[in-house]
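Values in this text are rule-based calculations from the coordinates and carry no lab data. Computed from a predicted structure; not experimentally measured. With ideal geometry, Cβ positions are generated from the backbone for all residues, glycine too; neighbour counts draw on all protein chains shown.
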Amino acid sequence: MLELAWIVPALTLAAWAVVLLVGKRLPDGGSWVGIVAVGVGFVVSVVILAQIAGGAGPYSASIDWAPFGPGLQIPLGMTVNGLSAVLLVVVTTVSLLVQIYSTAYMRGDERYTFYFSNLSLFTAAMLGVVLSDNLIILLIGWEVMGLCSYLLIGHWWEDRVNSSAAIKAFLMTRVGDVGFLFGIIVLFWQVRSFEISRIVEAVAGGRISGGTVTLAAVLVFCGAIGKSAQFPLHTWLPDAMAGPTPVSALIHAATMVAAGVFLVARLYPVFEASAAAMNEIAVIAAVTMLISALLALVQDDIKRVLAYSTVSQLAYMMAALGVGGYTAGIFHLFTHAFFKALLFLGAGSIIHAVHSNNMSEMGGLRRSMPTTFWTFLVGSLALVGIPPLAGFWSKDEILHDAYVAGFGPGEPGLLTSQGVAQVVFVTGMLTVFLTALYVGRMLWLTFAGAYRGQGHPHEPPPAMTFPLVLLAGGAVVAGFANSPLAGEGGLAAWIAPADAPRPGIAEIDVPVAVASILIALAGLALATRWYRGGLPEREPLARAPLLYRTLQHAYWLDDLYDAVVVRPVRGTLARLAYQFDQRVIDGAVNGAGTGTRRLSRTLRYLQTGQAQWYAAALFLGVIGVALVFTRLAGG
Amino acid sequence: MPLVFPLVFASFLFATGVYGVLARRNAVMVLMSIELMLNAVNVNLVAFNAYLQDKLATGQVFALFVIAVAAAEVGIGLAIVLLIFRNRETVNLDEVDLLRW
């Protein structure tokens with residue numbers, strides 16, 4: 001089945017074209033076309049993952065796609081290995097459930113069909129990224145995802161806020177993509193190939209100098225920073241919550257933002273070969289996880305809480321990769337996809353019922369929306385890392401890896417410095433506390449106490465609760481994929497590189513696990529103390545006014561970008577560019593037109609209609625030509 | 001006979017034709033001047049043919065072609081002049097400037 005993996009993105013791409021072209025004439029706006037396509041893709045993906053888990057080797061195939069002459073071939077190829085198989089299952093699962101959910105959530109929307117076509121295109125692009133065996137195809141999928149993100153965030157573009165958020169997301173990820181593109185160029189310049197396997201081989205074989213590897217790794221990581229919303233480019237993700245909530249679940253929690261993590265994992269040997277790059281990843285991840293978890297504490301919009309939580313959890317994955325925890329990072333990506341998609345879809349059904357994003361207008365929803373409450377609770381506790389839910393297993397593994405790298409002997413050959421790993425471990429523990437605190441706050445404010453909003457909230461239709469229940473099941477069991485229960489055939493074995501030694505049974509680091517559970521419980525306890533009585537008149541955090549104001553303004557980062565980048569660009573640079581365009585470019589075009597017209601207005605008087613004048617000119621011309629040629633010939 | 005005699009003669013004939021084409025106002029006279037120029041060319045062709053003693057007599061054959069084409073050209077030219085005269089009551093070339101701006 002591995003050789004049929006290409007069918008998964010191909011089906012969703014076909015679904016995109018069909019829905020876009022004839023979707024409006026199909027029953028139910030063509031939404032079922034995408035669902036069927038991704039459903040088949042899901043089945044194929046599961047079979048592929050099962051075969052990989054059963055020991056089927058990695059499979060690669062490619063065709064010549066764009067030959068630019070010798071030395072520059074761009075193949076259209078795919079690689080199916082454990083990593084891509086895991087991602088295939090994650091993407092198709094979440095996409096399938098989100099599309100089913102959307103049929104109810106988006107019902108009656110005026111751009112219903114367009115919305116579904118975008119979901120299909122997005123899914124196809126992400127699957128293309130996952131399966132691609134070379135960086136050019138990967139980049140194409142990467143950029144198409146950026147486009148879909150733009151279209152879906154700005155789905156309700158009539159509202160100015162939404163279209164600005166869409167533009168912001170597009171441009172900020174582009175900033176990182178420029179670095180990514182240069183990274184690809186550096187790698188191609190050294191390896192003379194875009195194929196990931198060749199690049200990895202060249203780096204492993206030591207054929208590239210250390211400085212160049214660092215340069216390439218840092219540049220590629222820029223792309224990951226943008227896509228995975230890491231500090232300092234994380235500010236687009238909270239604003240991206242302007243899009244419909246299922247989109248947030250699909251794109252901004254489970255799949256697209258995971259592409260950055262996937263990219264680092266895919267090119268992991270390149271990063272592993274550079275101490276500077278590993279340290280950079282670890283430090284940026286540590287900073288990001290802490291600052292975004294703090295920001296989640298002061299949000300009123302439930303989706304923004306989840307958005308900052310996503311940023312923070314993505315930072316966990318990056319941190320794991322930064323301290324050598326390859327398996328732990330991918331494992332967290334895997335589990336996080338389930339519980340974060342669950343939380344977003346749960347938030348969607350709350351918003352659907354309350355008609356507001358603000359937690360200050362929620363409260364007491366436990367009784368009116370029991371299914372949503374229980375599934376949301378499962379997702380929340382998984383996020384906090386309460387055993388035996390999914391988040392516990394993966395987060396424990398990350399913390400364990402950080403601990404070993406920082407305080408223990410460390411993995412052999414790991415280049416991350418011990419100090420950095422210690423910082424990652426400490427911030428990781430701190431973030432566990434903050435995560436528990438903001439999750440507790442969200443739970444209490446949303447589901448407990450008295451209802452503060454308007455109308456009577458009620459449970460959404462089954463098309464929305466059904467994905468919630470399924471994802472809740474996933475959030476419970478996904479963690480076992482790499483737990484001692486999975487035995488030797490766990491996730492670690494699936495995604496291990498072919499030449500690596502077969503990993504043994506996953507172990508629990510008992511001291512670290514107990515510590516993190518205790519810290520998480522402490523966070524939940526503090527949240528209970530602060531928010532049990534419903535919405536406090538004054539946020540407890542406001543007792544530290546400076547911190548509170550800093551957080552409310554999100555560290556003034558947006559203001560900083562506004563002052564340093566947006567204003568100069570929109571003011572001076574835009575005006576200069578406009579003038580250049582108007583005067584120089586348009587001036588040249590219009591000048592050519594008016595110049596020709598003026599010249600011809602004068603020259604047309606030469607056409608007198610007097611045949612004898614023409615004949616005279618002809619004879620003079622012949623004489624002139626004869627003179628010139630005789631002179632030239634005679635020297 | 002030296003080659004220069006017919007060449008000088010042909011030059012005079014050609015120059016006369018040029019003068020007639022450029023200076024004459026009557027369309028019939030212009031057509032006749034064109035014939036002079038063509039005949040100057042014919043003289044050249046025959047002269048060079050004789051001078052080079054060409055076995056295939058290419059120059060003479062070519063001269064015959066020119067005469068045939070000239071006859072056709074005069075036929076069309078006179079027909080045009082006739083039609084212009086019928087329409088505009090003049091064969092003065094200065095007044096026939098239909099194709100102008």
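Could you compute the FRET efficiency for residue B:60 and residue A:605, with r as their C-beta to C-beta distance and R0 at 41 Å, rounded to 0.05?
0.30
In sequence order, what are the phi-derived ³J(HN,Hα) couplings for segment A:314-329 according to the Karplus relation 6.51 cos²θ - 1.76 cosθ + 1.60 with θ = phi - 60°, rounded to whole Hz, with x for glycine and proline?
4, 5, 4, 4, 4, 4, 4, 5, x, 9, x, x, 4, 4, 4, x
Taking the Cα-to-Cβ direction at residue A:14 and at residue B:11 and moving 7 Å from each Cα, how far apart do the two end points lie in nm?
Those two pseudo-labels are separated by 8.6 nm.
What distance in nm separates the two pseudo spin-label positions at residue A:556 and residue B:99, each 7 Å out from Cα along the beta-carbon direction?
Modelled inter-label distance: 8.0 nm.
Using a basic spin-label model with each label point 7 Å from the Cα along Cα→Cβ, how many nm lie between residue A:518 and residue A:569?
Going by the 7 Å Cα→Cβ label model, 4.8 nm.
Post the alpha-carbon centroid distance, segment A:152-223 to segment A:513-579, in whole angstrom.
Cα centres, segment A:152-223 to segment A:513-579: 27 Å.
Report ³J(HN,Hα) in whole Hz for each residue of segment A:581-598, in order, from the Karplus equation J = 6.51 cos²θ - 1.76 cosθ + 1.60 where θ = phi - 60°; Gly and Pro get x.
5, 5, 7, 7, 6, 5, x, 5, 5, 5, x, 4, x, 5, x, 4, 5, 5
Would you tell me the mean number of C-beta atoms belonging to other protein chains that fall within 10 Å of each C-beta in B:85-97, as a whole number?
1
Skipping prolines and chain starts, which residues have an amide H placed within reach, meaning under 5 Å, of the one on residue A:386, given they are 5 or more residues away or on another chain?
A:392
Nearest 10 degrees, 0 to 90: what angle lies between the long axis of helix A:370-384 and the longest principal axis of chain A (Cα atoms)?
Between helix and principal axis, roughly 80 degrees.
So, with +1 on the Cβ of K and R and -1 on the Cβ of D and E, and no other charges, what is the size of the charge dipole of segment A:501-570 about its Cα centre, to the nearest 20 debye?
That gives a dipole near 160 debye.
Springs between alpha-carbon pairs under 10 angstrom, Gaussian network model over chain B: which of B:75, B:59, B:17 fluctuates most?
Largest GNM mean-square fluctuation: B:75.
Mind pulling the angle between the C-alpha long axis of helix A:112-131 and the longest principal axis of chain A? Nearest 10 degrees, somewhere in 0 to 90.
90
Per DSSP H run of n ≥ 4, the term is -39500 (n - 2.57); total these for chain A, divide by its residue number, and report the mean residue ellipticity at 222 nm rounded to 500 deg cm²/dmol.
So the calculated ellipticity at 222 nm is -22000 deg cm²/dmol.
At R0 = 35 Å, how high is the FRET efficiency between residue A:368 and residue A:22 if r is their beta carbon distance? Nearest 0.05 is fine.
0.30
Over what distance in Å are the Cα centres of segment A:81-136 and segment A:420-488 separated?
Cα centres, segment A:81-136 to segment A:420-488: 22 Å.
Quote the FRET efficiency, to the nearest 0.05, computed for residue A:585 versus residue A:185 with a Förster distance R0 of 25 Å and r equal to the Cβ-Cβ distance.
Step by step, r from the Cβ atoms, then E = 0.35.
Give the separation of the Cα centroids, segment B:28-101 to segment A:15-55, in Å.
The two parts, judged by their Cα centres, are 81 Å apart.
Using amide H atoms built 1.01 Å from N in the peptide plane, name the residues 5+ places from residue A:134, or on other chains, whose amide H lies under 5 Å from its own.
Residues meeting the amide H criterion: A:77, A:196.
Contact order normalised by length for chain A, with contacts defined as Cα pairs under 8 Å and 6 or more residues apart; what percent is it?
12
Which angle between 0 and 90 degrees, to the nearest 10, do you get for helix A:210-227 versus the longest principal axis of chain A when only C-alpha atoms count?
Rounded to the nearest ten degrees, it is 80.
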